[in-house]
Structures are given as structure tokens and as C-alpha cells.
Amino acid sequence: MSDLPELDVEPRVAAMLPPWTETMQYIRKSPKRAPVEVLRAAAARGRPVVQPRCGVGGHDEMRTLLTTLERRARPGILTITIDSFTRLKQFRTAAQTLQREPADLNGYPLVTHGWRRGRELNEAVDAPIEVRHGSPDPRELFAVSLASGFTSFEGGGIDYNLPYSKDVSLTRSLAAWAQVDRLCGLLAEEGVIVDRELFGTLTAVLVPPSVSLAVCVLEARAASLAGVRCLSVAYPQGGEVHQDIAALRSIPVLARRYLPENVEIFPVLHEFMGVFPADPDVADALILYGGLTARLGGAAKVINKTNQEARGIPDAQANVAGIRTAALACTHLLDFVRVDEATVEEETYWLQREVAELVEPVLAAPDLAAAIVDAFADGRLDIPFSASVHARSEVIPKRDATGAIRYLNPGRLPFSRPTLRRNEQCLRVDRASLSRRLIDEIRSDINFFLHAERRFQADRATVECPGPATAGPGAAASSGGVR
């Protein structure tokens, strides 16, 4: 596969790959449904498919995990999550760790295992597999993924750089991802459609919806210009249902506004990625809530969570239960659930206005990649709580009284006066007093669902332990009991 078009990979990795023609033949002859076909069917039904997160170091363990999840939960799409060493192109360290102790890896080192083992995983299950990782330069990983037969690949030059890496320049990551996208364009011309998912989740902590969607619009524009024909735009559940539904429903609208007509767009919801409740009952409720939000918002896919999120990496049983819980919310059983459409409409208007104010000055530039780099350097684009020195992280988000995420401080984002006024009106914050407790307020907003969990536990304790004055039918209710 040293003749791999458009993609510059390390010679050592290229030498281990099959010829390009053989890879194309393998993909074309696969009897499996392609990811784009699964997404099309889900969009047509109006019922999101569920996709778990999963990745372990050992090959046999990875295969067992995939087959177990498919057999017991039937997800629409499966995942191979890649380990951190591979994400950063530390292939030698990944190989050494795999040989010493595979369990020490926080994902599957696909480049180390190689494309033959990748094909073993691909052929072990009926569902298509997506590769999820977090790499600012995924060229070797994409080459091995493609040789394995995987035609769904997550990430982008912004979203897999600024949230994860400390000092990788946007110029470098955008150029690397441009090669991936150009190869996807060549594949599309040959009839092989790669689903390119954009990670709008970003830092996953209080991400304002317009920041998430603006980044995805810019990455989608760059990818479509390179020839990509299928884009999944992933949005992180913030927690306020009207705002989240407005964001999901805005994705196809923004696509029609800013992308070529020949690009298929599929909205995707990542279930809540902030601090998760430890109580399994509360966690399950949040998972169900996420699935319901995905369906009401018109998502084609929902990335589920498990009720072990607060405890660490979930086991297979928890993942099975999480898939089933999220899928239950997407069935007809909850079709009676309604939201206030007037509130959704208002959120939609302002959200799309904010996105336009962020992206249109950048899209007007003759060189999109250079304009993105300049905008982040100037703070006209920004991500809160970024790990990277290439984002200013001057934006300070804040939840309003409903739980929706607003801009307490927009930093240097080029919002109009009406947009700024609306955010201020939604927050109604006493800034003089807030300045003395800002860190506590942000921490409280991050722990949004932990507070809900504590209220639930307090209510449950009140019901289960009503007090001593309930010994008989004539006993008066105590002040601590149920009234």
C-alpha cells in the first residue's frame, strides 16, 4: 500500500500495508452494510441507532468485547477506540506496552496490531465499525483503518487537536486531516463512501452549542471541499432539552446553508459527557434522557453512556445495559413525549445567528485553513477549557436558570450587540458578586447532574425513612416524613 494516494505515512507503516488495489477490492466485496447505509436508514425511520464506546488493548479481548456487545445489545454501529500512544504516533511505545501488559492500554492499538487483525475484528461482527481516537495527525491510523475495511472515521483538524493536545499547531493538524479528507474524496469517486464524523463534543465541558456547531461547520466545509461526501456532525448533550434539540435540528439547516448539495449530513448526539452520576438509577435516567433528546432532535445516531461512567471504564455488562437503555428511548414507547416547540424555535433562531456570526467572516476568506488558524490566534474562534496553547480559552460559559449553556464572557468572539444582550438577559447575573465565587459557580455548572442526583437521593431517603411516627395507621406524620 505504499502507493496509497494522497496520504503521506511513515515508511515503516506503509511497508506493512497491502496494495491499494487489494484494499479497494476488499472493501467493495464486503457483505456488510456500510456505515453510511446504516445512517441513511436511521434518518429515514426517524429513529437513531445506538453506538457504544469501547476499546481495549488485547486483540482477543477486543474481539470478545465487540461480539458480546453485538450479541447481547445489537447496536447499529460498533466502535474501536484507539489508545493514547497510537493517537500521538508513539507506535513503538504502544507495541512495547502491548507486549508487556495489554490491559495498561486505554484503547486498541490498531497500527500495532495491523490490518490483518483489523479485518478479523471487522469480520467478527455484522455491524459496521467506526474508529474513534483523538489524534491530531491520523494518517497512519487512517491507512491501517482503511486496509482493515473500516469506512467510518472520526475527527478533524480542530476537534482532535485543541481539546487533546498541548502544543500541536493548527496548521499542522489541518494539513494532516486535509490529506485524509482528500483520500476520502478519491474513494467517493470510486464509489466507496467513508463516513467522516466530526467531534463537536470538543472539551465536553460546558461547551456552548454555537461553538460546537461553528467548529463543525468549518471542518465540514474544509472536508467537503476536499471531496468528502458523508459527514456525521456530533453534538454534545448539554443538558437542557430545548437547547439540545435546537442544536441537533440546526445541523441539517447549517449544512444546506454552508455546504455543497452533494454532501450527506447526519446529526449525531453524544450523551452527556460531563461529570456523571454515581447512583446507577440516576445514571440510567440520564442515559434514557439522552436517547430521548437524540430522537426528538432528529439525530441519526446516539453515542451512549453507561451507569458505570462515574466509576471508571465500564465493563461489558454495563455497556450492554447502556446500549439497551438508550435504544429504549428511541423506540415508539416514548413517542408521546413532547417539548415546548416555541422555546425550541427561539433557541434555534439565536443559535443559528451565533453560528453565522462566528463562521461567516472565516468562510469569506480565500484560504480557509489559514483563516481558521488566524481566527483562533486572534480569539475570534475559541474553545473553553482547551488543553492547547493554540486556543485562547477566554470564553467563560455559564448555565442559566433553566440549565441552558450561555456565554458569561464571550472573550473575543465577534458576536453582535443583540446576541450579547440576549446572553446577558438569559443569565441575569449579578457580576459584582459573581466575580468572588466564579470558580465555584463554574464547578457547580459542570456538576449539573450531580446536584440532580443529590436531590434524588434526598427525596428517596425521605420516602424510604419517613421517621418513627408511622408505627400505626393513626400515627401523625412527622416533620421528616411523607406528607
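Being crowded, with 23+ Cβ neighbours inside 10 Å, over 20 Å from Leu17 (Cα atoms) and in contact with a helix residue (DSSP H, G or I) (Cβ under 7 Å, 6 or more places away or on another chain) is true of Ile158.
From the list Glu360, Glu341, which residue is open to solvent by 30 Å² or more (accessible area, probe 1.4 Å), more than 14 Å from Leu413 (Cα to Cα) and free of Cβ contacts under 8 Å to residues at least 12 places away in the same chain?
Numbers: Glu360 fails: more than 14 Å from Leu413 (Cα to Cα).
Being open to solvent by 30 Å² or more (accessible area, probe 1.4 Å), more than 14 Å from Leu413 (Cα to Cα) and free of Cβ contacts under 8 Å to residues at least 12 places away in the same chain holds for just one of Glu360, Glu341, which is Glu341.
In this structure, does Val50 turn out to be open to solvent by less than 20 Å² (accessible area, probe 1.4 Å), of a type in the set (A, V, I, L, M, F, W, C) and in contact with a helix residue (DSSP H, G or I) (Cβ under 6 Å, 6 or more places away or on another chain)? It is true that Val50 is open to solvent by less than 20 Å² (accessible area, probe 1.4 Å), of a type in the set (A, V, I, L, M, F, W, C) and in contact with a helix residue (DSSP H, G or I) (Cβ under 6 Å, 6 or more places away or on another chain).
Kindly evaluate Thr79 against the criterion of being in contact with a Gly (Cβ under 8 Å, 6 or more places away or on another chain), at pLDDT 95 or above and over 30 Å from Gly291 (Cβ atoms). Write out each step before concluding.
On the way: in contact with a Gly (Cβ under 8 Å, 6 or more places away or on another chain): yes; at pLDDT 95 or above: yes; over 30 Å from Gly291 (Cβ atoms): no.
When the stated conditions are applied, Thr79 does not pass them.
Any idea how many residues of the stretch 119-168 are in a loop (DSSP other than H, G, I, E, B), β-branched (Val, Ile, Thr) and farther than 12 Å from Leu198 by Cα?
To start, the set of residues in the stretch 119-168 that are in a loop (DSSP other than H, G, I, E, B) comprises 125-128, 133-138, 149-151, 155-168.
The next check asks that each one be β-branched (Val, Ile, Thr); those that pass are 125, 151, 158, 168.
Subset that is farther than 12 Å from Leu198 by Cα: 125, 151, 168.
Residues that pass the stated criteria total 3.
Restricting the stretch 86-115 to residues that are within 19 Å of Arg63 (Cα to Cα) and among the aliphatic types (A, V, I, L, M), the residue that is most open to solvent (accessible area, probe 1.4 Å) is Ala103.
Return a yes/no flag: does the stretch 57-70 have any residue that is in contact (Cβ under 8 Å) with a residue 12 or more places away in the chain and assigned to a loop (DSSP other than H, G, I, E, B). Yes, the stretch 57-70 contains at least one residue that is in contact (Cβ under 8 Å) with a residue 12 or more places away in the chain and assigned to a loop (DSSP other than H, G, I, E, B).
Answer yes or no: is there a residue in the stretch 219-232 that is under 21 Å from Arg443 (Cα atoms), in contact (Cβ under 8 Å) with a residue 12 or more places away in the chain and touching a strand residue (DSSP E or B) at 6+ places or on another chain (Cβ under 9 Å). So far as the stretch 219-232 goes, no, none of its residues is under 21 Å from Arg443 (Cα atoms), in contact (Cβ under 8 Å) with a residue 12 or more places away in the chain and touching a strand residue (DSSP E or B) at 6+ places or on another chain (Cβ under 9 Å).
Does at least one position in the stretch 252-262 carry a residue that is closer than 24 Å to Arg353 by Cβ, in a helix (DSSP H, G or I) and either touching a Ser or Thr at 6+ places or on another chain (Cβ under 7 Å) or of a type in the set (Gly, Ala, Ser) (or both)? Spell out how you get there, then give the answer.
Of the residues in the stretch 252-262, the ones closer than 24 Å to Arg353 by Cβ are 252-261.
Going one step further and asking which of them are in a helix (DSSP H, G or I), we end up with 252-258.
With the extra rule that they be either touching a Ser or Thr at 6+ places or on another chain (Cβ under 7 Å) or of a type in the set (Gly, Ala, Ser) (or both), the set shrinks to 255.
Checked against the condition, which is being closer than 24 Å to Arg353 by Cβ, in a helix (DSSP H, G or I) and either touching a Ser or Thr at 6+ places or on another chain (Cβ under 7 Å) or of a type in the set (Gly, Ala, Ser) (or both), the stretch 252-262 yields at least one hit.
Just to check your reading of the model, which residue among Asp167, Asp137 is at pLDDT 95 or above, under 21 Å from the mean Cα position of the chain (by Cα), within 28 Å of Ser224 (Cα to Cα) and of a type outside the set (A, V, I, L, M, F, W, C)? Steps first, please.
Values: Asp167 fails: under 21 Å from the mean Cα position of the chain (by Cα).
On inspection, the qualifying residue turns out to be Asp137.
Can you tell which of Asp445, Asp378 is under 30 Å from Arg172 (Cβ atoms), out of contact with any helix residue (DSSP H, G or I) (no Cβ under 8 Å at 6 or more places or on another chain) and not hydroxyl-bearing (Ser, Thr, Tyr)? Spell out the reasoning first.
Working: Asp445 fails: under 30 Å from Arg172 (Cβ atoms).
Selected residue: Asp378, the only one of Asp445, Asp378 that is under 30 Å from Arg172 (Cβ atoms), out of contact with any helix residue (DSSP H, G or I) (no Cβ under 8 Å at 6 or more places or on another chain) and not hydroxyl-bearing (Ser, Thr, Tyr).
Conditions (1) modelled with pLDDT under 85; (2) farther than 25 Å from Ala310 by Cα, marked per residue:
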site: Leu413; (1), (2): no, yes
site: Arg421; (1), (2): no, yes
site: Gln425; (1), (2): no, yes
site: Leu434; (1), (2): yes, yes
site: Asp440; (1), (2): no, no
site: Asp459; (1), (2): yes, no
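Among the residues of the stretch 280-296, is any part of a loop (DSSP other than H, G, I, E, B) and either without any contact (Cβ under 8 Å) to a residue 24 or more places away in the chain or open to solvent by 10 Å² or more (accessible area, probe 1.4 Å) (or both)? Can you show your working first?
Start the filter on the stretch 280-296 by keeping residues that are part of a loop (DSSP other than H, G, I, E, B), which leaves none.
No, the stretch 280-296 has no match at all.
Scanning the stretch 102-154 for residues that are among the charged types (D, E, K, R) and touching an Asp or Glu at 6+ places or on another chain (Cβ under 7 Å), we see that the one that is nearest to Thr79 (Cα to Cα) is Glu130. Annotation: Gly227 fulfils all but one of (1) at pLDDT 95 or above; (2) buried (at least 23 other Cβ atoms within 10 Å of the Cβ); (3) assigned to a loop (DSSP other than H, G, I, E, B); the unmet one is (2). Reported count of residues in the stretch 395-430, each being among the aromatic types (Phe, Trp, Tyr) and free of Cβ contacts under 8 Å to residues at least 40 places away in the same chain, is 0.
The values are calculated or read from the model by the stated rules, or taken from the named source; none is laboratory data. As the structure is a computational prediction, the values presented were derived from the model and not from experiment. Glycine gets a Cβ as well: all are built from the backbone with ideal geometry, and neighbour counts include every protein chain shown. Only protein heavy atoms, including side chains, enter the accessible area calculation; ligands, DNA and RNA are left aside. Shrake-Rupley method; radii C 1.70, N 1.55, O 1.52, S 1.80 Å.
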